Amino acid sequence: MSKKKFKSLYERFYPKANVGLFADLMFDYLDHDGSGVIDFVEFYQVIIVTELCLSDKVMEWVFYGADTNGNDSLDRQEVADLLVAVYEMGGVDTRVHPPNVDGFFDRVDATQDADDRITITEWKDSVANDPRARNAFLKFGFRQSVS
Ligand SMILES: [Ca+2]
Ligand SMILES: [Ca+2]
């Protein structure tokens, strides 16, 4: 999407905040190659970084944004894509430090119902227990109050 579209979408998410300048900054930050265009994944990274805490709403939005096939749960590929987005947002080079998806499932899913899918409940419980994901959120000003 173009910068103009980005700013208008962004302002719709935050109608009460003066986000124009920040939207400019974020657009330029995300538009690594200077093409003047960013994609939706990049856009939603911006939305999560600008929330001030990990509210339920944000956690749900991220979850359903990551659920690309719309079946209300995250499989391993969807979790991998999501963790890459979150880690990259936190400045982690995922080519050097790829997300440990199996470890994530061991920690999050195996301790719950072990059905090899991440539900919205499991997802909300998980971020607080993933240091790299939590740091990525905290780095952008999230408060630590997850839940
Ligand atoms: Ca899914
Ligand atoms: Ca599960």
* Asked: If you go through segment 79-94 one residue at a time, do you hit one that is within 14 Å of ligand 1 (Cβ to nearest atom), modelled with pLDDT of 85 or more and out of contact with any strand residue (DSSP E or B) (no Cβ under 9 Å at 6 or more places or on another chain)?
  -> yes
Over segment 43-78, the set of residues surrounded by 19 or more Cβ atoms within 10 Å (Cβ to Cβ), modelled with pLDDT of 80 or more and away from ligand 2 (no atom under 16 Å from the Cβ) is none
Flagged pairs (Cβ under 9 angstrom, 6 or more apart or on separate chains; first in segment 69-81, more than 13 Å from PHE104 (Cα to Cα); second near ligand 1 (Cβ under 6 Å from one of its atoms)) are ASN69/ASP75; ASN69/GLU78; SER73/ASP67
Going through (1) within 23 Å of ASP39 (Cα to Cα); (2) at pLDDT 70 or above one by one, ARG117 fails only at (1)
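Select from segment 91-121 the residues that are assigned to a loop (DSSP other than H, G, I, E, B) and among the polar types (S, T, N, Q) and list them in ascending order.
Result: THR94, ASN100, THR111, GLN112, THR119.
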Going through segment 98-118 in order, the residues found to be in contact with a Leu (Cβ under 8 Å, 6 or more places away or on another chain) and near ligand 2 (Cβ under 7 Å from one of its atoms) are ARG117, ILE118
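Within segment 64-100, count every residue that is more than 19 Å from VAL41 (Cα to Cα) and either in contact with an Asp or Glu (Cβ under 8 Å, 6 or more places away or on another chain) or aliphatic (A, V, I, L, M) (or both).
Number of matching residues: 1.
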Any hit, segment 103-119, residues being within 22 Å of VAL41 (Cβ to Cβ), among the charged types (D, E, K, R) and surrounded by 19 or more Cβ atoms within 10 Å (Cβ to Cβ)
no
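The values are calculated or read from the model by the stated rules, or taken from the named source; none is laboratory data. Keep in mind that this is a model prediction, so the values were computed, not measured. Cβ atoms come from the backbone with ideal geometry, glycine included; neighbour counts cover every protein chain shown.
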